[in-house]
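Asker: Before I ask anything, let me first share the structure, which is written out below as structure tokens.
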Ligand SMILES: *Cc1c(COP(=O)(O)O)cnc(C)c1O
């Protein structure tokens, strides 16, 4: 399944303010498992299967692309899945579209308080969850672990050596870590953070062994899931101009930043750019 889907991924070429840009359209993989989450899940599922698991458990917010993708892949693989969802108060509300679809795909949606959710990386808490769900293979929030990074190295192909600069959106840092690992030393990898703060630089430095990369938060619009009227207008303009859909959490912030950096000459016209469209369109708001 993974290889068949990966073969369908296409590149689109466009001129962005005079610069030739190649966009790798991971968003076109599949409506439910759009984008980088496909690559992040690949080796986690293969590992779970190899270890004999038939069930898995993971974490996410109520609109999480990772939850949407996990529910879909679990269903395809004949796995049962549990999603630990942040926000106990949501228990009493109708499921939003992300969770409704996940639940239709057979994911058991399990709401926890924000306090409990914060423990998601604590070894004690994970041990307790493992006791509660003894037959489940646990995948961390956002799907980021070494197997996810390995999967993300496959976003790049041998031909990509021709590019000077590779750009992507950054959340937990797993995707960019894979791109960095797969990049060549003459290339640079630039990450546009969806979150405020440069702590991700430390995180990614821990996950990789190279230093040909940088993460900036200049275009995060105030923080995770925050938007500005300017960003929403940008989405509308970009989609009209290039017929490429963006969503407000990750990809729009990256394209907005990239365009700005090209316009202001921070990125020079001689550079050959590869931009990873990481998908996430299931969580798109209408601008
Ligand atoms: C999750 C996600 C990201 C961030 O990926 P990380 O590996 O967590 O950095 C970027 N773009 C989209 C659309 C996503 O869903």
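Rundown of residues vs (1) under 14 Å from the mean Cα position of the chain (by Cα); (2) near the ligand (Cβ under 10 Å from one of its atoms); (3) modelled with pLDDT of 95 or more; (4) not assigned by TED's automatic domain parsing to the domain that holds residue 200, yes/no style:
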site: 158; (1), (2), (3), (4): no, no, no, no
site: 163; (1), (2), (3), (4): no, no, yes, no
site: 175; (1), (2), (3), (4): yes, yes, yes, no
site: 178; (1), (2), (3), (4): yes, yes, yes, no
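Asker: Among the residues of segment 240-269, which ones are part of a loop (DSSP other than H, G, I, E, B) and free of Cβ contacts under 8 Å to residues at least 40 places away in the same chain?
Answerer: Selection gives 243, 246, 247, 248, 264, 265, 266, 268.
Asker: Could I ask something else about it? For segment 3-81, list the strands (runs of 3 or more DSSP E) that sit wholly inside it and hold at least 2 residues that are surrounded by fewer than 19 Cβ atoms within 10 Å (Cβ to Cβ) and away from the ligand (no atom under 16 Å from the Cβ); which are they? Before the answer, list the steps.
Answerer: Numbers: elements: 11-16, 19-25, 55-60.
So the answer is 11-16, 19-25.
Asker: Take the residues of segment 270-287 that are within 15 Å of the ligand (Cβ to nearest atom) and outside any strand (DSSP E or B): which is farthest from residue 97 (Cα to Cα)? Let's see the steps before the verdict.
Answerer: Filtering segment 270-287 down to residues within 15 Å of the ligand (Cβ to nearest atom) leaves 275-285.
Checking the rest, the ones that are also outside any strand (DSSP E or B) come to 278-285.
Numbers: 278: 20, 279: 17, 280: 13, 281: 12, 282: 9, 283: 9, 284: 11, 285: 12 Å.
Here the answer is 278.
Asker: Sticking with this one: Tally time: how many residues in segment 193-239 are part of a helix (DSSP H, G or I) and closer than 26 Å to residue 151 by Cβ?
Answerer: Qualifying residue count for the region: 9.
The values are calculated or read from the model by the stated rules, or taken from the named source; none is laboratory data. The structure presented is a predicted model; accordingly, all values stated were derived computationally and were not measured. Virtual Cβ from ideal backbone geometry, glycine too; neighbours counted across all protein chains shown.
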